[in-house]
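Here is the structure we will look at.
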Amino acid sequence: MKLKMEHVILAAVIIGLSAYLVLHRADRTHYRLPQLPEIKRQDISKLEITHGGNALVVEKKAGAWQIVPEGYAADGKRIGNMVDAVADLAVTALVSESRQYERYGLDDEERITVKAWTGSHLGREFDVGKEVPTRNHAFIRLAGDDRVFHGTGILRSQFDVTLDDVRDKTVLSFRAGDIETVTITRKTGTTVLHRVNSEEPVEKTDETKEDTTPGPGKTGWQDAAGNTVDERIVKRLLSTLSSLTCESFRDETGGTDRHEPLMTITLKGPQNEELTVYAKETDEADRYPARSSRRACPFYLHDYRYDSLASLADELTREP
């Protein structure tokens, strides 16, 4: 009798364990993570980022990213990072099925909705919430799915942007070696510098070894009167201007500035370039209004950038 009771208990345990394993397996199937369809970064042609009811749209046109419908040039590197984040997105864990989104930054006010197109096809759509502390993840919600997951990447930082954040802030861009003439115009007068080629050898002595006169076949710089200008300073000026970026763009898109320019630098080469800087709008301001030949919109230069350019101009416009 005792033996039969042990058999009954053993059978009950086996049945219980079997039921647990079956239910557990079914439960695991229920929580299987979604597999996102592959989307190739080179195929992504349009991004739409919506936050707080405001939508920012960037689109690839003729191989370059633009902000539409404004037509502003977008920062290719920054948009490239967003494209990578979309293409590399993966779901790593289920966080919640409660539909309580506020704690995850996925409520209507906080969430950032990201849409990515490949041509006319909407290839990916998801909401980004808060970043997960101490992990390279963020809380996300996929389109058509009420659940909250962990998504790979520092997504909040990537997509929490404004129009000004993603604009290409390059206001001058050229090869310094292509410039043949530099004209610096200030309130005190105008200085014109020309690139020159030296064909005659220059004999160097102990007294002249620091001379900046170019040697045979080398280039140098002279002012309008034929005086040699320190080539190193010209190179520093051109290097600063050759990839000049602004702090931000100004609201106004037309008209003229109210003040006389503090300085205008005109560069002649295969393509002429020009930068004009105006007086600060207030004494307390830390930036200068400016315009350039590369951008239709006016912009602001941080004061340290202008101070650097003004210092180099001072050295080049001194009497020899």
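Quick one: ranking 259, 51 by accessible area, 1.4 Å probe, largest first, what do you get? Intermediate values should be presented prior to the final figure.
Working: 259 85, 51 60 Å².
These residues rank, largest area first, as 259, 51.
Calculate, for the range 53-182, the solvent-accessible area per residue in square angstrom, rolling a 1.4 angstrom probe over the heavy atoms of the protein chains.
Working: 6340 Å² over 130 residues.
Per-residue accessible area for the range 53-182 comes out at 49 Å².
Can you send over the carbon and sulfur percentage of the accessible area for the range 126-193, probe radius 1.4 Å, protein chains only? Write down the numbers at each step before the final one.
Details: 1400 of 2980 Å².
The value for the range 126-193 is 47 percent carbon and sulfur by accessible area.
In vacuo Debye scattering of the range 46-112, one point per C-alpha: log10 I(q)/I(0) at q = 0.17, 0.20 Å⁻¹?
Values, matching the q order: -0.77, -0.93.
What FRET efficiency do you get for residue 271 and residue 154 if R0 is 35 Å and r is their Cβ-Cβ distance, rounded to the nearest 0.05? Numbers along the way, then the final one.
Working: r = 39 Å, r/R0 = 1.11.
Plugging the Cβ-Cβ distance into 1/(1 + (r/R0)^6) gives 0.35.
Quote to one decimal, in nm, the extra length available between residue 35 and residue 239 on full extension: 0.36 nm per residue of separation minus the C-alpha distance between them. Present the calculation step by step, with values, prior to reporting the outcome.
Values: separation 204, 0.36 × 204 = 73.44 nm, distance 4.86 nm.
Fully extending the segment from residue 35 to residue 239 adds 68.6 nm.
Sort 54-65, 104-115 by packing, meaning the average of other beta carbons within 10 Å per residue, with the highest value first. Show your work: numbers first, answer last.
Working: 54-65: 14.3, 104-115: 18.2.
Packing proxy ranking, top to bottom: 104-115, 54-65.
Suppose R0 equals 22 Å. What FRET efficiency, 1/(1 + (r/R0)^6) with r the Cβ-Cβ distance, do residue 264 and residue 61 give to the nearest 0.05?
0.10
Put a dot 7 Å past each Cα toward the Cβ at residue 230 and residue 279; how far apart are the dots in nm?
Result for the modelled spin labels: 3.0 nm.
If you take the square roots of the eigenvalues of the alpha-carbon gyration tensor of the range 33-168 and sort them as a ≥ b ≥ c, do you get rounded (a/c under 1.5), prolate (a/b over b/c) or oblate? It would help to have the intermediate numbers written out before the result.
Values: a/c = 1.94, a/b = 1.58, b/c = 1.23.
It is prolate, given that a/c is not under 1.5 and a/b is the larger ratio.
What does the charge count near residue 80 come to, summing +1 for each Lys or Arg and -1 for each Asp or Glu among other residues with Cβ under 11 Å from its Cβ?
Details: positive: 41, 60, 77, 78; negative: 75, 84.
For residues surrounding residue 80, the net value is +2.
For the range 126-205, divide the Cα radius of gyration by the Kirkwood radius and give the resulting Rg/Rh value with two decimals.
Values: Rg = 27.5 Å, Rh = 18.9 Å.
Across the range 126-205, the Cα-based Rg/Rh ratio is 1.45.
Taking K and R as +1 and D and E as -1, what net charge do the other residues with C-beta under 12 Å from the C-beta of residue 129 add up to?
Working: positive: 103, 111, 130, 141, 156; negative: 102, 107, 108, 109, 110, 127, 131, 160.
Summing Lys/Arg as +1 and Asp/Glu as -1 gives -3.
On a 1.4 Å probe surface of the protein chains, which of 294, 195, 318 comes out largest in accessible area, and what is the full order? Before the final figure, lay out each step's value.
Details: 294 105, 195 50, 318 160 Å².
The ranking, largest first, comes out as 318, 294, 195.
For every other residue with a beta carbon closer than 13 angstrom to the beta carbon of residue 271, add +1 if it is Lys or Arg and -1 if Asp or Glu, then tell me the sum. Don't skip to the end; give the middle numbers.
Numbers: positive: 175, 268, 294; negative: 178, 180, 273, 274.
For residues surrounding residue 271, the net value is -1.
What is the gain in length, in nm to one decimal, between residue 293 and residue 122 on full extension, counting 0.36 nm per residue of separation less the C-alpha to C-alpha distance?
Extra length from residue 293 to residue 122 when fully extended: 57.8 nm.
What's the FRET efficiency of residue 54 with residue 197 using the Cβ-Cβ distance as r and R₀ = 56 Å, to the nearest 0.05?
FRET efficiency, residue 54 to residue 197: 0.50.
From zero outward in steps of 5 Å, how is the percent of C-alpha pairs of the range 90-159 spread across the bins?
Once binned at 5 Å, the Cα pair distances of the range 90-159 give 4, 19, 29, 26, 14, 6, 2, 0.
The values are calculated or read from the model by the stated rules, or taken from the named source; none is laboratory data. Since the model is a prediction, treat every value here as computed from it, not as a measurement. For neighbour counting, all protein chains shown are included, and Cβ atoms are generated from backbone atoms with ideal geometry for every residue, glycine included. These accessible areas exclude ligands, DNA and RNA; they are computed on the full protein's heavy atoms, side chains included. Shrake-Rupley method; radii C 1.70, N 1.55, O 1.52, S 1.80 Å.
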